Amino acid sequence: MAASVAGYLHTHRERIVAELIEFAGIPSVSTDSAYADGMAAAAQWVAGQLARAGIQQVQILPTARHPVVYGEWLGAPGAPTLLVYGHYDVQPPDPLDAWQSPPFAPQIRDGRLYARGVSDDKGPMLIPIKVAEAYLATDGRLPVNVKFLFEGEEEIGSPSLEPFIAAHTTLLAADYVLSADGAMWRVDLPSITVASRGMAGLEFTLTGAAKDLHSGRHGGAVANALHAVAELVASLHTSDGRAAVAGFYDEVVGLTTDERAALAALPFDDADYLAQTGAPATFGEAGYTTLERMWARPTLEINGLWGGYQGEGSKTVIPHEAHAKITCRLVPDQDPAEITARVARHLEAHTPPGVRLTIRHDHHEALPYRLPAGHAGLQVATQVLAELYGTAPVQVRMGGTLPVSELFQRLLGIYTVFFSFSTADEDFHAPNEFFRLDRLKEGLVAWARFWELAGIQE
């Protein structure tokens, strides 16, 4: 990395931290319409940052829900074109009473910046914007051609991104995607994520009577929707942790002996994992290690279960409705639509008597993803991290889902290299989410070096 770029990033580090604090203070929650002003403000903020950095053709492009912020710098003829991806939307901050400081009033404590969305994905996505600023302010050019795509719907499954990409294939054409989203596995071990699980989901309601009924007058005469939903949810798994849905595992491509050996060689300890999560014991599909179950096996999870009286004290009613939310994490070669259909058929076949089933598909779907070995971007990322941390990075998988990787591959014909500097322990999606400021510094250096190496890569 040029000394001028490194010097600029060092000199302006405090300002960059202040800008991240400003960005993280914008309540850009995509799933809740009450935060519509915050979403609009965040998109404007990102566009303003790109423009001030010297990026050209900065646009806020509408979608069916929240806009995409786009910008480009294409002044490096003969060099690769990278499509930089990130998202400015964040998860809801609930439960608010579990935060040590307000989720949208960022606070620095012990070298960590605490705020909702600061790790997922505002800190990591600000890094490439600042690196572009540094190059353009010092060298007057970037080592590579760069297109920026920052969306506002990642936390709700990116529903508008597929039609957006399909309608803008020429605009978004690139050699590969460099993602600021994704997170490293551990803070003490450099890693590159080369695979992620897919996603399928639905929500269902069981309805008994037309309204809640007095449990003394009507108890024993009509079905209790909460009893029914407990029975139906329990039917979804066997006692050893496997999904009991017919055909759920039919298309699963099992791990090879070499793949299992590679996962077993990673530094992972169940006891440390339990200490980190606070769980009393691991649990899941029998016959697989914890890492295998988290990264390479499919799951069926209940994400929400509710109904009846929720207030203080008691209310003697028979609830007439009960609800549940389900998501499945998928592995090759499972298809989200087919898995959702099989889960729906299971629910229909196992609905207890006395209640009616209603299913709503949330279309929160994505296929599993795998980055090929030997990919040019993977080679650059490996070299950069080895230089930065003094040890070769390990290749890991992601138990979560990034729908964009499959969309970019299918619609643009390009792969995604994950190059985020958040880490999996930073409590994203949970109270007290934080981003290590040391990782901000390291990420700025790494992105600048990545672009430098990619620009000279043969």
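Here, each number is a calculation from the coordinates, and none is a lab measurement. None of the values given here were measured: they were computed from a predicted structure. Don't worry about glycine lacking a Cβ; one is built from the backbone with ideal geometry, like all the others, and counts go over all protein chains shown.
So for Lys122, Lys147, fewest C-beta neighbours within 10 Å to most, what's the order?
Ranked by crowding around the Cβ, least crowded first: Lys147, Lys122.
Determine the principal axes of the Cα atoms in the chain, then give the extent along each, sorted from largest to smallest and rounded to whole angstroms.
Projected onto the principal axes, the Cα atoms of the chain cover 80, 50, 45 Å.
Let me spell out the model: positive unit charges on the Cβ of Lys and Arg, negative unit charges on the Cβ of Asp and Glu, origin at the Cα centre of the chain. What dipole size does that give, in debye rounded to 20?
320
Which of Phe421, Thr290, His364 sits farthest toward the positive end of the charge dipole of the chain, with +1 on the Cβ of Lys and Arg and -1 on the Cβ of Asp and Glu?
Sorting the options by dipole projection puts first His364.
Can you give me the distance in nm between label points at Ala337 and Asp32, each placed 7 Å from the Cα along the Cα-to-Cβ direction?
Going by the 7 Å Cα→Cβ label model, 3.4 nm.
Name all residues of the stretch 193-222 having a backbone nitrogen under 12 Å from the label point set 7 Å from the Cα of Ser314 along its Cα→Cβ direction, giving them as ranges.
215-216, by backbone N distance to the label point.
Could you please rank His10, His320, His237, placing first whichever residue has the fewest other Cβ atoms within 10 Å of its Cβ?
Ranked by crowding around the Cβ, least crowded first: His10, His237, His320.
Could I have the simple spin-label model distance between Arg370 and Gln457, label points 7 Å from Cα toward Cβ, reported in nm to one decimal?
2.1
Can you find, among Leu202, Val229, Pro280, the residue sitting farthest towards the positive end of the charge dipole of the stretch 174-283, where Lys and Arg contribute +1 and Asp and Glu -1 at Cβ?
Farthest towards the positive pole: Val229.
Taking the alpha-carbon centroid of each part, what is the distance from the stretch 178-216 to the stretch 398-454 in angstrom?
When both Cα centres are located, 19 Å separates them.
Based on other C-beta atoms within 10 Å, arrange Leu412, Leu385, Leu189 from fewest to most.
The order, fewest Cβ neighbours first, is Leu189, Leu412, Leu385.
Between Asp250 and Gln379, what length comes free when the chain is fully extended (0.36 nm per residue of separation minus the Cα-Cα distance, one decimal in nm)?
Full extension from Asp250 to Gln379 adds 43.0 nm.
Highest mean first, how do 66-74, 252-260, 133-141, 387-395 rank when packing is the count of other Cβ atoms within 10 Å averaged over residues?
66-74, 133-141, 387-395, 252-260
Once the piece of chain linking Ala173 and Thr257 is laid out straight, how much longer is it, given 0.36 nm per residue of separation minus the C-alpha distance between them?
26.5 nm
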